[in-house]
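Report on the structure given below.
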Amino acid sequence: MYMAHERRQYIIRLLEQRGSIRSAALAQELGVTDETIRTDFVALQKKGLLKRVHGGAEYIVPTQTAGATADAGAESAMAALVAAHIPAGACIYADACHFTRVLAAQLADKPCTFITPSLQLSLHLAPKVLPHTVICTGGVGDKECKLCCGEQAEQALLHARPQFAVLRPAGLSPTQAFYAHSQQARWATLATACASQCLVAVPAALLSVTTPHAVQLPPYQLVTEDNLPPEFDSVPTQTIPYISAESLLPSDLY
């Protein structure tokens, strides 16, 4: 028997994969009453995670969630600027974090190919409501950072030859991106080495923040908020109004 939070996580995963679900069929599958599922739908709708419809629920992509917080607003606004650089049909490596889901939603009118070492992110990018092609690198799973690793996985990235490396690091200096885990840094290093363009999106609160694992960056386009530290004056930058929130620290992992 599922606990309420487990059941609701399962509902969201199903919606991400299918686009919509019927409450009666879900109740039968989970062995609960229709009323229990309706209660779950109401709770998830209040959080902006789904839309209730007659007889069921529909998936809502991240940028359409109701009651957006400051951090969600910052992610969405930065993703819109990143998306403006990316044409339809592009192949993209993007860091395995919530920002990539928001970016995929911003690119809903420009179908692209996303390549990722994250099994969980690949599922989030593959609902029917999004048009993108998703390539998961495969390989050996690292349980700590939830990313695939190993030669097989790295060769899949190199074979795909992404045009864009989109990074959402945990910290940034003018020349380096910083990550909390070595495998995150490894993937960012590989992606920036083989991609034609590098786009880095971080809220202003993360500028000049350092963490243990650094990635030396090629020339890149920075997307951030409009209160830049002076050391970033020489970096090509596009900004959104300052709306940072403490909950942006650090970026969520997939």
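Within the range 134-151, identify whether any single residue is over 30 Å from Ile11 (Cβ atoms), touching a His at 6+ places or on another chain (Cβ under 8 Å) and open to solvent by less than 60 Å² (accessible area, probe 1.4 Å), and answer yes or no. No; the residues of the range 134-151 include none that is over 30 Å from Ile11 (Cβ atoms), touching a His at 6+ places or on another chain (Cβ under 8 Å) and open to solvent by less than 60 Å² (accessible area, probe 1.4 Å). Being under 15 Å from Ala193 (Cβ atoms) and in contact (Cβ under 8 Å) with a residue 60 or more places away in the chain is a property that Leu157 has.
Taken over the range 79-95, the criterion of being at pLDDT 95 or above and either surrounded by fewer than 17 Cβ atoms within 10 Å (Cβ to Cβ) or in contact with a Leu (Cβ under 6 Å, 6 or more places away or on another chain) (or both) is satisfied by Val82, Ala83, Ala84, His85, Pro87, Ala88, Gly89, Asp95. Taking the range 99-168 as the region of interest, the strands (runs of 3 or more DSSP E) fully inside it that hold 1 or more residues being within 23 Å of Pro218 (Cβ to Cβ) and of a type in the set (Phe, Trp, Tyr) are 113-116, 164-167. Among the residues of the range 169-203, those that are assigned to a strand (DSSP E or B) and of a type in the set (A, V, I, L, M, F, W, C) comprise Leu172, Ala177, Phe178, Cys198, Leu199, Val200, Ala201. If the condition is being under 12 Å from Asp95 (Cα atoms) and out of contact with any Phe, Trp or Tyr (no Cβ under 9 Å at 6 or more places or on another chain), then the range 187-201 contributes only Thr189.
Select from the range 108-123 the residues that are in contact with a Phe, Trp or Tyr (Cβ under 9 Å, 6 or more places away or on another chain) and of a type outside the set (Ser, Thr, Tyr) and write down the one among them that is surrounded by the most Cβ atoms within 10 Å (Cβ to Cβ). Step through it out loud before you land on a result.
Step one: filter the range 108-123 for residues in contact with a Phe, Trp or Tyr (Cβ under 9 Å, 6 or more places away or on another chain), giving 112, 114-122.
Within this subset, residues satisfying the condition of being of a type outside the set (Ser, Thr, Tyr) are 112, 114-115, 117, 119-121.
Values: Cys112: 26, Phe114: 26, Ile115: 21, Pro117: 32, Leu119: 17, Gln120: 15, Leu121: 25.
Step by step, filter the range 108-123, then rank; the result is Pro117.
Identify, please: which residue in the range 211-243 is part of a loop (DSSP other than H, G, I, E, B) and of a type in the set (Ser, Thr, Tyr) and is, among those, surrounded by the fewest Cβ atoms within 10 Å (Cβ to Cβ)? Write out each step before concluding.
Looking only at the range 211-243, we keep the residues that are part of a loop (DSSP other than H, G, I, E, B), and these are 211-212, 217-220, 226-229, 233-236, 241-243.
In the following step, the residues that additionally are of a type in the set (Ser, Thr, Tyr) were identified as 211, 220, 234, 242.
Working: Thr211: 17, Tyr220: 20, Ser234: 8, Tyr242: 14.
In this case the residue turns out to be Ser234.
In this structure, is Ala68 in a loop (DSSP other than H, G, I, E, B) and modelled with pLDDT of 90 or more? So Ala68 fails the test. Taking the criterion of being within 18 Å of Leu107 (Cβ to Cβ) and either surrounded by fewer than 17 Cβ atoms within 10 Å (Cβ to Cβ) or among the aliphatic types (A, V, I, L, M) (or both), the residues of the range 152-167 that qualify are Ala160, Ala165, Val166, Leu167.
Does any residue of the range 75-96 turn out to be aliphatic (A, V, I, L, M), assigned to a helix (DSSP H, G or I) and in contact with a Ser or Thr (Cβ under 6 Å, 6 or more places away or on another chain)? Among the residues of the range 75-96, not one is aliphatic (A, V, I, L, M), assigned to a helix (DSSP H, G or I) and in contact with a Ser or Thr (Cβ under 6 Å, 6 or more places away or on another chain), which makes the answer no.
The values are calculated or read from the model by the stated rules, or taken from the named source; none is laboratory data. Values in this document were obtained by computation on a predicted structure and should not be read as measured data. Using ideal geometry, Cβ is built from the backbone for each residue, glycine included, and neighbour counts are taken over all protein chains shown. All accessible areas refer to the heavy atoms of the entire protein, side chains included, with ligands and DNA or RNA removed. Shrake-Rupley method; radii C 1.70, N 1.55, O 1.52, S 1.80 Å.
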